[in-house]
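Student: Dumping the structure here so I can ask a few things about it.
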Amino acid sequence: MAWQLRPSVELAHAALILTSSMLAACIPERDYEPRVIGGDPDRGRTALARYECGVCHVIPGIPDAVGRVGPALADYSHRSYVAGKFPNDPETLVRWIIDAPSMAPLTAMPAIAVTEQEAKDMAAYLYESRWP
Ligand code: HEC
């Protein structure tokens, strides 16, 4: 009778493999490093410090950026989503930095009066930032 069980075990196995590959297909993997056209990570470092983003965020390489109000902003190029909602691409990240509440009205992240150039520079830095 044992031989009768085998096909169903194999079927279950196949179903499991199928389900996990389907699941993987739903979660976009980041296999590229986003580049912010016209963004300068060095200027971004200065801007992140000047606008005191670190009051609310942990950001590697930025002095005093130890805030816990918002999520830590490290390894940002590996994130699939901005704020867990929007595809993480350079345009979306720049928009978010300029005016997060216009994208997510209930967010606790404030709109900060930064120029588009400054937001691009900060985004460029965040995409390059790594945990030390
Ligand atoms: C008053 C606190 C506060 C300040 C200041 C602040 N943020 Fe935020 N930020 C937040 C919070 C809270 C969130 C989470 C928002 C959400 O998920 O809706 C957030 C989210 C983010 C995200 C998305 C994080 C993720 O997990 O995808 C980025 C990027 C970001 N902030 C960048 C910045 C930058 C750059 C500055 C400075 C120009 C800044 N923040 C200043 C509170 C702040």
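The values are calculated or read from the model by the stated rules, or taken from the named source; none is laboratory data. All values reported here derive from a predicted model rather than from experimental measurement. For the accessible areas, the whole protein counts, side chains as well, though only heavy atoms, and no ligand, DNA or RNA atoms are used. Shrake-Rupley method; radii C 1.70, N 1.55, O 1.52, S 1.80 Å.
Student: What figure, in Å² to the nearest 10, do you get for the accessible area of Arg130 with a 1.4 Å probe and non-protein molecules left out?
Tutor: 90 Å²
Student: Can you tell me how region 36-128 classifies by the Cα gyration tensor, rounded, prolate or oblate, using a/c under 1.5 as the rounded cut?
Tutor: Judged from the Cα gyration tensor, region 36-128 comes out rounded (a/c under 1.5).
Student: Would you list Lys120, Lys85 from the most to the least accessible area, probe 1.4 Å?
Tutor: Descending order: Lys85, Lys120.
Student: Of all the accessible heavy-atom surface of region 36-128, with the other protein chains kept in place and a 1.4 Å probe, what percent is carbon and sulfur?
Tutor: Ligands and nucleic acids excluded, carbon and sulfur give 58 percent.
Student: If you don't mind, there's one more thing I want to ask. Starting from the residue with the highest accessible area, list Trp131, Trp96 in decreasing order, probe 1.4 Å.
Tutor: Sorted descending by solvent-accessible area, the residues read Trp131, Trp96.
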